[in-house]
């Protein structure tokens, strides 16, 4: 038996089969980033139109997490693929 998450992951891997390991990791990375960007746009759009698919309690938790994330330091870009992350 499989879950939706594993089916989605298998779909990404199926399209990227035959690639080198580094290319496979990059393909997975860009697919995950694209997924998060689509979800972020969906959430921001629903906040503007007050048609959120989330319960009010979840919306409040998301707002609190968003406020906490704004207070964290930004990662420092060392070069294109590398960042220095400062832990508080």
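The values are calculated or read from the model by the stated rules, or taken from the named source; none is laboratory data. Remember, it's a predicted structure, so these values are computed and weren't measured experimentally. A quick note on method: Cβ atoms are made from the backbone with ideal geometry, for glycine too, and the neighbour counts reach across all protein chains shown.
Quick rundown of the values:
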quantity: One residue from 82, 68 being modelled with pLDDT of 75 or more and surrounded by fewer than 10 Cβ atoms within 10 Å (Cβ to Cβ); calculated: 68
quantity: Complete set of residues in the range 1-31 that are under 23 Å from residue 81 (Cα atoms) and either part of a loop (DSSP other than H, G, I, E, B) or out of contact with any helix residue (DSSP H, G or I) (no Cβ under 9 Å at 6 or more places or on another chain) (or both); calculated: 16, 19, 20, 21, 22, 23, 25, 26, 29, 30
quantity: Yes/no for residue 39 being at pLDDT 80 or above, surrounded by 10 or more Cβ atoms within 10 Å (Cβ to Cβ) and not in a strand (DSSP E or B); calculated: yes
